[in-house]
Amino acid sequence: MKVKKYMAPSMAEAMKRIREELGSDAIILSSKAVYIGGFLGLFKKRNIEVIAAIEVSQPNQMVTKQKTKKLPVKQEISSNSTITQEGNNESTDLLKELEGLKDMIKSIQITSDRHYPGKLQKINDYLTEQEVDVQLRSQIMDELLGKWFALKQQSTDEEVQGWLEEALFEILEKVQNGKPGLQKKYINIVGPTGVGKTTTLAKVAAETMLRHSKKVAFITTDTYRIAAIDQLKTYAKILNVPIEVAYNLEDFKKAKERFSHYDFVFIDTAGRNFRNPQYVKDISEIIDFTDEMETYLVLSLTSKQKDMEDIYRQFASISIKQIIFTKADETSTFGAIFNFIHAHKLGAAYITNGQNVPDDIEKATSSQLLKTAFGAKKYERSS
């Protein structure tokens, strides 16, 4: 058996190095947090110390330096029958720890198909069902695995669930969620057809009016569908706000002049096939994207992950401030939320869960997203 100690800034980085050097069949013997460096006892850097081991296929074969010099890496690992030497004292300590953990080694085997011990396997299966991206899932599971071994497998189901919620919360907290701000006068809502742009626009406008007492107006550039214009006119009538229809850039500028004394102007764009690059070009020819405007991209949680990625790339030429996730009430899988935020480092402004205006919309704080996706309540204090 080959045993080696690793020091890394995170469990994920340690696991990556272990897989690269020892392979996916390696076993984690122990892990713990250590603090190094600093000045006068302050500013110490937190690292993770992990001890890993790998079984070798030919334990009795002794190989000389001359013979192993030209062996491929895989064959060299199979032929090596000694524990990696990092000093006599350290090797002795590792051997003692190895003897004390033999039972654990026998009961736990992490294979290339990524099976996890007991409770952790249930978590991995759950993340798979929720369609969490395989790389992100592996990163999360590596973090949970480190905690599992550090506590010698003594954790309850509730504690393991708490680890998962904490890991997901940390991913969400790396970006700004639930703080749309509405710092610019013109609020532009874009996205493909069928994601609920017009209804979402009405919900955000209603919230701005009712909760913040702001004076708002509507401009629609969705002249491709009469029904879309009628829908926004209906919302405008209910909310008692003015609306202008812009067929071209000149109409858009006139509408802006008419609404120059309003606090916010919400702009509804055409919902068309997002795979056609002409769509975004047409929007740019009608809407004057100035420094006074902020744009929100609407994505439906019922969409495939690949479609979400394609939609985002299609709108790459427009500066997107945040995402609005819709139709949370029409799906049972929420992995796309974490996949998208983690991949693009772009926060969410709102999440919607129905058609009612002005209801069925929530600010997408990290705690609200976690609650929507997994029913977690632990982090509601951060809303």
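The values are calculated or read from the model by the stated rules, or taken from the named source; none is laboratory data. All of these numbers come straight from a predicted model, not from anything done at the bench. In case anyone asks, the SASA skips ligands and DNA or RNA and just uses the protein heavy atoms, side chains included. Shrake-Rupley method; radii C 1.70, N 1.55, O 1.52, S 1.80 Å.
At what distance in angstrom do the alpha carbon centres of region 115-150 and region 171-191 lie from each other?
Their Cα centres are 30 Å away from one another.
Is there a pair in LYS122/LYS327; LYS203/LYS371; LYS345/LYS371; LYS184/LYS256 whose C-alpha atoms are over 25 Å apart, and which pairs would that be? Mind showing how you got there, number by number?
Numbers: LYS122/LYS327 27 Å; LYS203/LYS371 21 Å; LYS345/LYS371 20 Å; LYS184/LYS256 13 Å.
Correct reply: LYS122/LYS327.
May I ask you to evaluate 6.51 cos²θ - 1.76 cosθ + 1.60, the Karplus curve with θ = phi - 60°, for each residue of region 298-313 and list the ³J(HN,Hα) values in order in whole Hz, giving x for glycine and proline?
9, 10, 8, 6, 8, 7, 6, 4, 5, 5, 4, 5, 5, 4, 4, 5
Take the Cα atoms of region 304-358, find their three principal axes, and give me the spread along each one in whole Å, biggest first.
For region 304-358, the Cα extents along the three principal axes come out at 32, 24, 17 Å.
Express the carbon and sulfur contribution to the solvent-accessible surface of region 113-202 as a percent, rounded to the nearest whole number, probe 1.4 angstrom.
Numbers: 1800 of 3870 Å².
On region 113-202, the fraction of accessible area on carbon and sulfur atoms equals 47 percent.
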